[in-house]
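*Asks:* First the structure, then my questions, so here it is.
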Amino acid sequence: MVKLPIYMDNHATTPMDPRVVDAMLPYFTEKFGNAASRNHSFGWVAEEGVDKARNQIASLINAKSKEIIFTSGATESDNLAIKGVVEFYKDKGNHVITCVTEHKAVLDSCKALERAGKAAVTYLPVDKYGMVDPDDVRKAITDKTVLITIMAANNEIGTIHPIAEIGRIAKEKGVLFHCDATQGVGKIPVDVEKMGIDLLSASAHKIYGPKGVGILYVRSKGPRVRLTPIIDGGGHERGLRSGTLNVPGIVGFGAACEIAGREMEQEAQRLRGLRDQLQANLFERLDEVFLNGHPVQRLPGNLNVSFAYVEGESLLMGIKDVAVSSGSACTSATLEPSYVIRALGTDEELAHSSIRFGLGRFNTAEEVDFVAQRVTDEVRRLRDMSPLYEMAKEGIDLKSVEWKRD
Amino acid sequence: MAYSTKVLDHYNNPRNVGSFPKDAVDVGTGVVGAPECGDVMKLQLKINQEGVIEDARFKTFGCGSAIASSSYVTELVKGKRIEEAMAIKNSAIVQELNLPPVKIHCSVLAEDAIKAAINDWKTKHEGRQPQSDQGKAAQG
Ligand SMILES: Cc1ncc(COP(=O)(O)O)c(C=O)c1O
């Protein structure tokens, strides 16, 4: 028997790997020093821990350790990268290129700059698989463009963007390239050199590390990237991010990166297997299930599907022993269905019917079987209760119906 | 967000799920909401010659609170005269199910469904445009 509840929402956050917890523990107690204390062993010991973590993280993304700036998470890293570049390079230009399916940390940073009159932003569309066309990026570049910001992999549909191609275009045009790689780092190969990335955001809690710690990679050479900090203070992190370092968190992030680097290939293969098994089970047992995202260029643990005629929140309610998430309006703070799914150009109601499964390190094949069966049973039950399913089965074209809206 | 016990009860054991033949003279059908808004309710009422609601069925596409609202409404209207049913306010549903503010629209939809179903029955009964509404949402 599987143990309930089952956690299958690993894009939202991940449980910590016990090996990461072990690495962190001493830094809460005997190694509690402030990494900025220069004159005693407590400070040096803490700094050693931070230095080691910086190396571990840098090596996972093929960066130099001095290029890693610690932050409170990817949200802060995205803010720092986008606002910091736009502010610093304001004499050079004010144009930013991003895409419509980015995380809110990127989109809202861009919107804030627009509102403040500090930037003009181009939001590129995506294709039906959620992928940005590098040609669109190229065409959007003007002589005022200072930054391109495109994510490595999408947090809802798992689609992996052609990052290396976008990086090449950015280099060719002499524009800085920021990549929010929060969902990519540790799961798929990310190499700032090969991919031409100048700034990169990542977060520990997505890769079995602690919450509240992230990094911004800032390229030091070819080109040397400059930034205006958004947090002022004691001048930590080369003046780019002031504030006493979260030493245990940083040590944990380092350990998480080291494990991820070592085990990535094997883990990706295992997760892809589990994900494909889940997908196959659902598609075999149910009709009218639609895949959201790219069929191939997709994160190994991601499966985002729409079960037509079933509203997402009601499905989540029915499978309460299984933690997954939905793009339904009812599950979002804004009461709007997922802007990511809507950007794919599918029918609006399929956004309400979308469910995101996020498989992770600790999920098992038994759990996948259990979840597939639970979801199948519940979708069937809810379809028996759904007027839309009934109408569709009667052959009524739902698009031809005049709906009575409020 | 935690659901109230009553919402959970209706969601897990929905009352009166199903359909009546929509062309039957004694059946009034109301379909309200829209798929792209994330909720559609179909409520059917079987109403006798005296204007008393004898039975009710529903099918709902929507969140748990929408399902619970329609399920509760099928119980609420049974045995009521159509004038009484027309007077049911969404606040009665909110109160019974303990709906939070973000779910009030579910109760509004359920109230609309009652009115739409009764109006459909009235239209049929007055013998006016008996079948001209086919294809429209009101006919399901
Ligand atoms: C793509 C992406 N960017 C940014 C973030 C924000 O990360 P954090 O929780 O570390 O602020 C997330 C996580 O929700 C994410 O998936």
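The values are calculated or read from the model by the stated rules, or taken from the named source; none is laboratory data. These numbers come from a predicted model, not from an experiment. We place every Cβ from the backbone using ideal geometry, glycine too, and count neighbours over all the protein chains shown. Note: accessible area is taken over every heavy atom of the protein model, side chains too, but ligands, DNA and RNA are not part of it. Shrake-Rupley method; radii C 1.70, N 1.55, O 1.52, S 1.80 Å.
*Asks:* Wholly within segment B:31-102, which helices (runs of 4 or more DSSP H) include no fewer than the required count, namely at least 2 residues that are more than 7 Å from every other protein chain (Cβ to nearest Cβ) and open to solvent by less than 10 Å² (accessible area, probe 1.4 Å)? Full working, then the answer.
*Replies:* Numbers: elements: B:64-77, B:82-86, B:90-97.
Counting at least 2 such residues, we get B:64-77, B:90-97.
To keep it simple, each residue is scored yes or no on (1) touching a residue at least 12 places away in the same chain (Cβ under 8 Å); (2) open to solvent by less than 30 Å² (accessible area, probe 1.4 Å); (3) at the interface with chain B (Cβ under 10 Å from one of its Cβ atoms).
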| site | (1), (2), (3) |
| --- | --- |
| A:Pro300 | yes, yes, no |
| A:Ser306 | yes, yes, no |
| A:Leu315 | yes, yes, yes |
| A:Ile319 | yes, yes, no |
| A:Ala323 | yes, no, no |
| A:Ile341 | yes, yes, no |
| A:Glu349 | yes, no, yes |
| A:Ser353 | yes, yes, yes |
| A:Gly358 | yes, yes, no |
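*Asks:* Say we look at segment A:196-220 and pick out the residues that are away from the ligand (no atom under 16 Å from the Cβ) and surrounded by fewer than 24 Cβ atoms within 10 Å (Cβ to Cβ); which of these is farthest from the chain's Cα centre (by Cα)? Before the answer, list the steps.
*Replies:* Taking segment A:196-220 and keeping what is away from the ligand (no atom under 16 Å from the Cβ), we get A:196, A:198, A:218-220.
In the following step, the residues that additionally are surrounded by fewer than 24 Cβ atoms within 10 Å (Cβ to Cβ) were identified as A:196, A:219-220.
On the way: A:Gly196: 19, A:Arg219: 21, A:Ser220: 25 Å.
Step by step, filter segment A:196-220, then rank; the result is A:Ser220.
*Asks:* Same structure, new question: I'd like the full set of residues that are closer than 23 Å to A:Lys90 by Cβ and either in contact with a Phe, Trp or Tyr (Cβ under 7 Å, 6 or more places away or on another chain) or within 16 Å of the ligand (Cβ to nearest atom) (or both), limited to segment A:221-256.
*Replies:* Correct list: A:Arg226, A:Leu227, A:Thr228, A:Ile230, A:Ile231, A:Glu237, A:Arg241.
*Asks:* Let me ask you something else. Can you tell me which residues in segment A:13-28 are open to solvent by 40 Å² or more (accessible area, probe 1.4 Å) and assigned to a loop (DSSP other than H, G, I, E, B)? Lay out the reasoning, then the answer.
*Replies:* Our first condition is that a residue be open to solvent by 40 Å² or more (accessible area, probe 1.4 Å); within segment A:13-28, this holds for A:15-16, A:18-19, A:21-22, A:25, A:28.
Correct list: A:Pro15, A:Met16, A:Phe28.
*Asks:* So A:Leu382 ticks every box in (1) at the interface with chain B (Cβ under 10 Å from one of its Cβ atoms); (2) part of a helix (DSSP H, G or I); (3) open to solvent by 20 Å² or more (accessible area, probe 1.4 Å) but one. Which box is left unticked?
*Replies:* Going through the list (1) at the interface with chain B (Cβ under 10 Å from one of its Cβ atoms); (2) part of a helix (DSSP H, G or I); (3) open to solvent by 20 Å² or more (accessible area, probe 1.4 Å), A:Leu382 breaks only (3).
*Asks:* Answer yes or no: is there a residue in segment A:178-186 that is within 16 Å of the ligand (Cβ to nearest atom) and on the phi > 0 side of the Ramachandran plot. Write out each step before concluding.
*Replies:* Going through segment A:178-186, the residues within 16 Å of the ligand (Cβ to nearest atom) turn out to be A:178-186.
Next, from what is left, pick out any that are on the phi > 0 side of the Ramachandran plot: A:186.
There is at least one residue in segment A:178-186 that is within 16 Å of the ligand (Cβ to nearest atom) and on the phi > 0 side of the Ramachandran plot.
*Asks:* Can you pull out the residues in segment B:9-21 that are in a loop (DSSP other than H, G, I, E, B) and surrounded by 20 or more Cβ atoms within 10 Å (Cβ to Cβ)?
*Replies:* Going residue by residue through segment B:9-21, those that are in a loop (DSSP other than H, G, I, E, B) are B:13-16, B:18-21.
Correct list: B:Pro14 only.
*Asks:* Also, quick follow-up: Quick check, is B:Ala24 among the small types (Gly, Ala, Ser), more than 14 Å from chain A (Cβ to nearest Cβ), closer than 27 Å to A:Tyr309 by Cβ and open to solvent by 10 Å² or more (accessible area, probe 1.4 Å)?
*Replies:* In short, yes.
*Asks:* Quick check on segment B:121-133. Is at least one of its residues at pLDDT 95 or above, within 14 Å of chain A (Cβ to nearest Cβ) and open to solvent by less than 20 Å² (accessible area, probe 1.4 Å)?
*Replies:* no
*Asks:* Determine which single condition A:Ile396 fails, assuming it passes every other condition in (1) assigned to a helix (DSSP H, G or I); (2) within 11 Å of another protein chain (Cβ to nearest Cβ).
*Replies:* Tallying (1) assigned to a helix (DSSP H, G or I); (2) within 11 Å of another protein chain (Cβ to nearest Cβ), A:Ile396 fails exactly one: (1).
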